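Below: one structure, written as structure tokens.
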């Protein structure tokens, strides 16, 4: 018999995380790589990456019990700027 398992993750301070990512996007010093001449069909990009530690809880529950486990892990957040001149969050990845 298969049991239904629910998994949920929460972040302790989501507004603080949002603020850090916005700072990554808006305060990066532009080295000018986004304006480099590249072969036809390609686009030069300026990138900015930051490692940020995140904490929260992971909850596992089934019909009988619930378990909450705290976590602390680091993520890389990368912003990319193209010709429009605005840094945009491109991807993030966990390092654990």
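Structural remarks
- A straight chain from residue 88 to residue 50 at 0.36 nm per residue would run longer than the Cα-Cα distance by 12.3 nm.
- Once the Cα atoms are used to define both axes, helix 14-26 deviates from the longest principal axis of the chain by about 10 degrees.
- Zone residues, segment 65-96, relative to residue 16, backbone N less than 13 Å from point 7 Å out along Cα-to-Cβ: 72-73
- Label zone of residue 68 (point 7 Å out along Cα→Cβ, amide N under 13 Å): in segment 5-27 this covers 8-12.
- Value of Rg to Rh for segment 6-94 (Rh from inverse mean 1/r over Cα pairs, i.e. Kirkwood): 1.18
- Estimated [θ] at 222 nm from DSSP helical runs (n ≥ 4, -39500 (n - 2.57)) normalised by residues in the chain, nearest 500: -4500 deg cm²/dmol
- For 72, 54, order by how many other beta-carbon atoms lie within 10 Å, fewest first: 72, 54
Laboratory data are not the source of any read-out in this text; all were calculated from the coordinates shown. Keep in mind it's a predicted model, so treat the numbers as computed, not measured. Neighbour counts are summed over all protein chains in view; Cβ atoms, including those assigned to glycine, are modelled from backbone coordinates with ideal geometry.
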